[in-house]
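**Student:** Please find one structure pasted underneath; my questions will follow.
Since every read-out is calculated from the coordinates, none of them should be taken as a lab result. The structure displayed is predicted, hence computed values, not measured ones. Here the Cβ positions follow ideal geometry from the backbone for every residue, glycine too, while neighbour counts run over all protein chains shown.
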Amino acid sequence: MKKDTPIIQRKTDHIRINLDENVQSGLTTGLEKYHFTHNALPELNLEEINISTTFFGKKLSAPLLISSMTGGSSEAASINIALAEAAEKELIALGVGSLRAAMDHPHLANTYQVRKFAPNTLLFANLGAIQLNYGYGVEECKKAVDMIEADALILHLNPLQEALQPEGNTHFKELSNKIEIVCKSIPVPVVIKEVGWGISAKVAKRLIELGVTAIDVAGAGGTSWSQVEMYRAISDNQAKIAADFIDWGIPTAESILQVRSISPSIPLIASGGIRNGIDIAKCLALGANLTGMASPFLKAAVISVDSVIQTIQTIKQELKITLFACGIPDTSLLNPFSLIKRD
């Protein structure tokens, strides 16, 4: 039997660990501190509530993105197909996992190529921004987009995860300049996202100066990649170091507010520990334009396409009911004044 390459093994490990182990952050998202005022007389019909939106010029049935998760292995390929078929049917956005595996090993490209299953879906390619300091450039970014016929490119920032990986890439010096070059040089929108530790106001200001099209805060409170790397550690010492970062990061709610304090107009994606339609409504009220979820969809995708579709439909219905119970007819009308904060 042919032995998996290290990158394939890493992708397989990540799927297994996320499905089988407790990788929850020690922090909460902060969304639990916010509550809507119940409206006992909404003067609305539930079926008339509008949760549709437009992002990067594409109409979506709900402000929902299946966040970038996987690719680069046979198991990942089947997961991505299930996610793509469900996203297409339900008219929501979809991101694939880091395409580095396919860039370095072209025979893995098919594990990400889901456009034929989702011809109309808003589709995000994805690369680690750090790869721009390890030989990648504008051409590789264009190739990643073309490889999956993507509508936009996500460059993810994950310094803590890289520092905790035995094989991590940790040379982040002068990365900003290279991100700026990519933003100015490729023909599709560039989104910068974290992977679960949040974006601060200071970093958001710098990213906007670099010319990024949108920011995904990917805050703390959901899956903690320090805990994922703890399970991958090859020594007790490495495992201890990773475990000690369980409480690290900027909670999702706080990260949304920090980014919005810098710019009232930058397209903003909220992800990180979002688990239902009520969470989505809170993120939108705090200032997000789109919300991303990963873990619930990963767990559904390993069951079936229908399970993913059911998960999406449940989330949509929760979002509609939230607005209905607040007396708000459209997600565009959600704002910070829709919420009460309770410490």
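**Student:** Starting from the Kirkwood radius over alpha-carbon pairs of segment 11-76, derive D by Stokes-Einstein at 37 °C in a medium of 0.692 mPa s and give it in µm² s⁻¹.
**Tutor:** 196
**Student:** Mind checking Rg over Rh on segment 232-343, alpha carbons, Kirkwood formula for Rh?
**Tutor:** 1.07
**Student:** Suppose we keep just the alpha-carbon trace of the chain; what are its Rg and Dmax in angstrom?
**Tutor:** 19.2, 65
**Student:** Here is a further query. Specify which residue in the list S295, I192, Q227 is farthest towards the positive end of the charge dipole of the chain, using unit charges on the beta carbon of Lys, Arg (+1) and Asp, Glu (-1), about the Cα centre.
**Tutor:** It is I192.
**Student:** Hand me the GluC sites (Glu not before Pro) from segment 1-79 located in a DSSP loop with no more than 11 other Cβ atoms within 10 Å, in residue order please.
**Tutor:** Sites meeting the loop and neighbour criteria: E43.
**Student:** At a Förster radius of 51 Å, what calculated FRET efficiency corresponds to the Cβ-Cβ distance of T213 and D236, to the nearest 0.05?
**Tutor:** Computed FRET efficiency for T213 and D236: 0.75.
**Student:** Which value in Å is the Kirkwood Rh of segment 284-343 over different Cα pairs?
**Tutor:** 13.3
**Student:** Now, a different point. May I ask you to compute the full-extension gain from F337 to D13, defined as 0.36 nm times their residue separation minus their alpha-carbon distance, rounded to one decimal in nm?
**Tutor:** Value of the extension gain: 112.3 nm.
**Student:** While we're on this one: Which order do peptides 210-222, 105-117 fall in by mean Cβ count within 10 Å, highest first?
**Tutor:** Top to bottom by mean Cβ count within 10 Å: 210-222, 105-117.
**Student:** What is the distance in Å between the Cα centres of segment 127-175 and segment 257-325?
**Tutor:** First find each Cα centre; the distance between them is then 25 Å.
**Student:** Now for a different question. At 18 Å minimum axial length over the Cα atoms and a Kyte-Doolittle cut of -0.5, report the qualifying DSSP H helices in the chain, or say none.
**Tutor:** 74-90, 305-326
**Student:** Sorted by mean Cβ packing within 10 Å, highest first, what order do the peptides 156-163, 263-270, 82-89 take?
**Tutor:** Descending mean neighbour count gives 82-89, 156-163, 263-270.
**Student:** Kindly identify segment 1-127 as rounded, prolate or oblate by the Cα gyration tensor criterion: order the square roots of the eigenvalues as a ≥ b ≥ c, call it rounded if a/c is under 1.5, otherwise compare a/b with b/c, prolate if a/b is larger, else oblate.
**Tutor:** Oblate shape, in that a/c is at least 1.5 and b/c is the bigger or equal ratio.
**Student:** Any idea which of I130, P166, T322 is furthest toward the positive side of the dipole for the chain, if Lys and Arg beta-carbons carry +1 and Asp and Glu beta-carbons -1?
**Tutor:** In the chain, that residue is I130.
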